[in-house]
1. Mind checking whether some residue in region 25-33 is at pLDDT 80 or above, in a loop (DSSP other than H, G, I, E, B) and loosely packed, with under 10 Cβ neighbours inside 10 Å?
2. For region 37-52, which positions are touching a strand residue (DSSP E or B) at 6+ places or on another chain (Cβ under 6 Å) and either hydroxyl-bearing (Ser, Thr, Tyr) or closer than 17 Å to LEU3 by Cβ (or both)?
3. So, of the residues in region 53-64 that are within 21 Å of LEU3 (Cβ to Cβ) and of a type outside the set (Val, Ile, Thr), which turns out to be nearest to the chain's Cα centre (by Cα)?
4. Looking at ARG50, ARG59, ARG15, ARG38, which is the one that is loosely packed, with under 10 Cβ neighbours inside 10 Å, of a type in the set (Lys, Arg), assigned to a loop (DSSP other than H, G, I, E, B) and modelled with pLDDT of 80 or more?
5. For GLY22, work out the one condition from (1) more than 18 Å from ARG6 (Cα to Cα); (2) over 10 Å from the mean Cα position of the chain (by Cα) it doesn't fulfil.
Amino acid sequence: MRLSTRLRTLEARFRPADEVPGLLLVFEHEPGVWDDGRGTTIDPADIDPRTQVIVIRQRPDGPH
């Protein structure tokens with residue numbers, strides 16, 4: 001299964017109800033510093049607790 005298919009499945013499962021995003025995919029470049037891949041910085045403290053967050057970070061030993 002491709003990553004894009006998996007993400008679409010997750011997005012469908014976590015559809016926003018009442019303006020709260022059900023799923024948020026973020027990239028972590030430094031501990032606690034997230035962005036959405038489009039240059040927008042996201043503060044982890046601002047995320048609604050009902051939102052499922054997937055954090056993508058680079059492995060400390062490099063890409064594999």
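1. Yes.
2. Matches in region 37-52: GLY37, THR41, THR51, GLN52.
3. Going residue by residue through region 53-64, those that are within 21 Å of LEU3 (Cβ to Cβ) are 53-59, 62-64.
Cutting the leftovers down to of a type outside the set (Val, Ile, Thr) gives us 57-59, 62-64.
Numbers: ARG57: 10, GLN58: 14, ARG59: 16, GLY62: 20, PRO63: 19, HIS64: 21 Å.
Here the residue is ARG57.
4. Values: ARG50 fails: loosely packed, with under 10 Cβ neighbours inside 10 Å; ARG59 fails: modelled with pLDDT of 80 or more; ARG15 fails: modelled with pLDDT of 80 or more.
It is ARG38.
5. Result: GLY22 fails condition (1) only.
The values are calculated or read from the model by the stated rules, or taken from the named source; none is laboratory data. Note that this is a predicted model, so its numbers are computed, not measured. Please note: Cβ atoms are built from the backbone with ideal geometry, for glycine as well, and neighbour counts cover all protein chains shown.
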